[in-house]
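In what follows, a structure is listed as structure tokens, so that the remarks can point back to it.
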Amino acid sequence: MNPIFRDMPTTIFEATSARARATGAVNLGQGFPDGPRNETVIAAAAAALHERSNQYPPSGGLPELRAAVARWYGRQQGLALDPDGIVVTSGATEALAASLLALIAPGDEVLLFEPLYDAYLPLVLRAGGTPRPVRLTLPSGRIDRAQLAASIGPRTRLCVVNDPLNPLGTRAAEADLAFLAEVCIAHDIIAICDEVWEALVYDGAAHRSLMSFPGMEERTVKIGSAGKIFGLTGWKVGWMCAASPLARVLAKAHQFLTFTTPPNLQWAIAEGLDSQDAWIATACREHQSSRDFLTEGLAAIGLAVLPSAATYFVTVDLRASGITIPDTQFCELIIDHARVAAIPVSAFYAGAPETHLVRFCFAKERATLAAALSGLAEALAVPGLLRD
């Protein structure tokens with residue numbers, strides 16, 4: 001029995017959603033949206049079940065989807081990708097696993113930026129790597145250049161970059177990306193870029209991939225997610241993009257994980273990427289409106305909210321809100337007393353976590369968000385419950 005997984009707690013998302021179901025709480029913890037729905041893509045998937053093949057597609061993905069991914073990135077981000085360098089996976093988490101298993105040799109060191117998505121650490125360990133956490137500056141999410149430089153050693157082979165960043169909802173500063181590109185080139189480091197939130201960037205900003213910086217195309221694995229682009233998180237369709245020699249290595253790891261992904265979903269996502277740019281932009285605006293609604297509501301009840309530039313999430317600073325209890329205790333109390341589930345950001349640290357930040361998902365119906373705000377307001381008004 002592998003102690004990495006034997007001794008690891010259930011993921012915070014699964015545990016929080018289970019508590020929400022058991023208590024009837026409004027679930028603002030796990031990041032899945034109530035809408036909007038893309039009926040064109042859903043109808044295409046249903047039609048493909050009846051009209052097209054239901055047998056194994058190519059392990060690397062249907063040619064139609066690989067080409068559509070390349071075209072979409074060309075339009076949206078100015079990247080000139082070769083479809084032969086794109087490998088379709090069963091979700092972005094599988095893409096992360098395949099990338100790390102393919103590229104880590106035992107003892108290789110991997111730079112991880114904290115707070116970090118909770119899958120990174122166990123996957124690095126399982127692949128035989130040695131994690132080297134680098135703390136981002138809070139609340140901005142900026143890279144501490146001195147700390148990064150001090151974390152690089154002769155065995156450093158990879159870095160995992162999450163941009164936009166879950167859980168904070170920050171976007172990497174262009175200067176930080178340029179610096180990181182210089183570091184990767186100078187130290188021969190491959191960057192695994194988890195960019196699943198790239199279509200959910202707000203306030204008129206545009207996503208720029210680390211892959212687009214000079215010298216990075218041949219040393220970047222860019223990971224994307226159809227689930228985030230179309231709000232279809234249960235479909236678990238993702239991809240890895242890399243220079244063809246690197247992609248061939250990634251594909252060999254992928255073939256022994258899920259091997260392939262349901263063909264009807266692949267055809268539907270290919271159709272969506274080629275035809276739904278206007279819908280994607282509209283969905284982004286709707287999520288931004290939901291962000292603003294929740295942010296304003298949280299501020300109105302006395303909670304200090306950090307700026308959110310992307311993702312489905314806003315983060316509350318308990319300390320700045322006059323709340324001294326740790327984030328885990330706060331989240332337990334609001335499930336029981338406010339009937340609201342949220343995620344403690346301390347779950348996104350490898351060790352010695354920050355304990356004053358709580359993540360809320362805003363990708364919900366207005367009525368759901370309003371009910372959560374009402375429950376939180378009532379709990380905050382109880383003397384001694386959440387505040388001294």
Near pairs, Cβ below 7 angstrom, 6+ apart or cross-chain, from the range 183-208 (over 30 Å from Ala363 (Cα atoms)) to any residue that is at pLDDT below 95: none
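Please go through the range 121-152 and give me each residue that is in contact (Cβ under 8 Å) with a residue 60 or more places away in the chain and part of a helix (DSSP H, G or I), ordered by number. It would help to see each step written out before you state the result.
Restricting attention to the range 121-152, the residues satisfying the condition of being in contact (Cβ under 8 Å) with a residue 60 or more places away in the chain are 121-122, 125-126, 131, 133, 138-139.
Passing the criteria: Leu121, Pro122, Leu125, Arg126.
From Thr23, Thr10, Thr16, which residue is of a type outside the set (Gly, Ala, Ser), touching a Gly at 6+ places or on another chain (Cβ under 7 Å) and not assigned by TED's automatic domain parsing to the domain that holds Pro167? Spell out how you get there, then give the answer.
Working: Thr23 fails: touching a Gly at 6+ places or on another chain (Cβ under 7 Å); Thr10 fails: touching a Gly at 6+ places or on another chain (Cβ under 7 Å).
Being of a type outside the set (Gly, Ala, Ser), touching a Gly at 6+ places or on another chain (Cβ under 7 Å) and not assigned by TED's automatic domain parsing to the domain that holds Pro167 holds for just one of Thr23, Thr10, Thr16, which is Thr16.
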(1) in contact (Cβ under 8 Å) with a residue 40 or more places away in the chain; (2) under 21 Å from the mean Cα position of the chain (by Cα): which one isn't true of Leu369, the others all being true? (2)
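Quickly run through the range 47-60 and pick out the residues that are more than 30 Å from His287 (Cβ to Cβ) and part of a helix (DSSP H, G or I). Walk me through it before giving the result.
Taking the range 47-60 and keeping what is more than 30 Å from His287 (Cβ to Cβ), we get 50-60.
Those that are more than 30 Å from His287 (Cβ to Cβ) and part of a helix (DSSP H, G or I): His50, Glu51.
Report whether or not Leu112 is part of a loop (DSSP other than H, G, I, E, B) and under 17 Å from Leu180 (Cβ atoms).
Values: part of a loop (DSSP other than H, G, I, E, B): no; under 17 Å from Leu180 (Cβ atoms): yes.
Taking the combined requirement at face value, the residue does not satisfy it.
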Which of (1) loosely packed, with under 15 Cβ neighbours inside 10 Å; (2) under 13 Å from Leu210 (Cβ atoms) is the odd one out, the single condition Cys193 does not satisfy? (1)
Which residues, counting only those in the range 126-151, are surrounded by fewer than 20 Cβ atoms within 10 Å (Cβ to Cβ), more than 29 Å from Leu306 (Cβ to Cβ) and in contact with a helix residue (DSSP H, G or I) (Cβ under 7 Å, 6 or more places away or on another chain)? Arg126
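Condition check ((1) surrounded by 15 or more Cβ atoms within 10 Å (Cβ to Cβ); (2) within 23 Å of Thr220 (Cα to Cα); (3) among the charged types (D, E, K, R)) across all residues:
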{"site": "Ala48", "(1), (2), (3)": "yes, no, no"}
{"site": "Glu51", "(1), (2), (3)": "no, no, yes"}
{"site": "Pro57", "(1), (2), (3)": "yes, no, no"}
{"site": "Leu62", "(1), (2), (3)": "yes, yes, no"}
{"site": "Leu65", "(1), (2), (3)": "yes, yes, no"}
{"site": "Arg75", "(1), (2), (3)": "no, yes, yes"}
{"site": "Pro83", "(1), (2), (3)": "yes, yes, no"}
{"site": "Ile86", "(1), (2), (3)": "yes, yes, no"}
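Can you name every residue in the range 24-46 that is in a helix (DSSP H, G or I) and exposed (fewer than 14 other Cβ atoms within 10 Å of the Cβ)?
Once the filter is applied, which keeps residues that are in a helix (DSSP H, G or I) and exposed (fewer than 14 other Cβ atoms within 10 Å of the Cβ), the range 24-46 yields Glu39, Ala43, Ala46.
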So, in the range 209-246, how many residues would count as being in contact (Cβ under 8 Å) with a residue 60 or more places away in the chain and either surrounded by fewer than 20 Cβ atoms within 10 Å (Cβ to Cβ) or of a type in the set (Val, Ile, Thr) (or both)? 9
Within the range 113-139, the residues that are of a type in the set (Ser, Thr, Tyr) and under 17 Å from the mean Cα position of the chain (by Cα) are Tyr117, Tyr120
Within the range 259-286, can you find the residues that are among the hydroxyl-bearing types (Ser, Thr, Tyr) and surrounded by fewer than 16 Cβ atoms within 10 Å (Cβ to Cβ)? Ser275, Thr282
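For the range 356-366, give me each residue that is in contact (Cβ under 8 Å) with a residue 60 or more places away in the chain and closer than 21 Å to Ala320 by Cα. Working first, answer last.
Quick first cut of the range 356-366, residues in contact (Cβ under 8 Å) with a residue 60 or more places away in the chain only: 357, 359-366.
Of everything in the range 356-366, those that are in contact (Cβ under 8 Å) with a residue 60 or more places away in the chain and closer than 21 Å to Ala320 by Cα turn out to be Leu357, Arg359, Phe360, Cys361, Phe362.
Over 30 Å from Gln255 (Cβ atoms) and either out of contact with any helix residue (DSSP H, G or I) (no Cβ under 6 Å at 6 or more places or on another chain) or without any contact (Cβ under 8 Å) to a residue 12 or more places away in the chain (or both): which single residue out of Gly74, Gly24, Gly31 fits that description? I'd like the intermediate steps shown before the answer.
Details: Gly74 fails: over 30 Å from Gln255 (Cβ atoms); Gly31 fails: over 30 Å from Gln255 (Cβ atoms).
Answer to the check: Gly24.
Give the residue, chosen from Gln255, Gln329, that is under 19 Å from Leu62 (Cα atoms), polar (S, T, N, Q) and either out of contact with any Pro (no Cβ under 9 Å at 6 or more places or on another chain) or not assigned by TED's automatic domain parsing to the domain that holds Arg171 (or both). If you could, list the steps in order and put the result at the bottom.
Details: Gln329 fails: under 19 Å from Leu62 (Cα atoms).
One residue alone meets the criteria, Gln255.
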When Arg52 is evaluated against the numbered criteria (1) under 21 Å from Gly91 (Cα atoms); (2) of a type in the set (Lys, Arg); (3) over 25 Å from the mean Cα position of the chain (by Cα), which criterion, by number, is the only one it fails? (1)
Just give me the residues in the range 301-348 being free of Cβ contacts under 8 Å to residues at least 60 places away in the same chain and surrounded by fewer than 21 Cβ atoms within 10 Å (Cβ to Cβ), in sequence order. Ala304, Val305, Arg319, Ala320, Pro326, Thr328, Gln329, Glu332, Leu333, His337, Ser346
Scan of the range 71-112 for residues that are over 20 Å from Ala247 (Cβ atoms) and touching a Lys or Arg at 6+ places or on another chain (Cβ under 8 Å), ordered by number: Gly107, Glu109, Leu111, Leu112
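The values are calculated or read from the model by the stated rules, or taken from the named source; none is laboratory data. Only a predicted model underlies this, so the values are computations on that prediction, with no experimental measurement involved. Here Cβ is always computed from backbone atoms with ideal geometry, including for glycine, and neighbour counts include all displayed protein chains.
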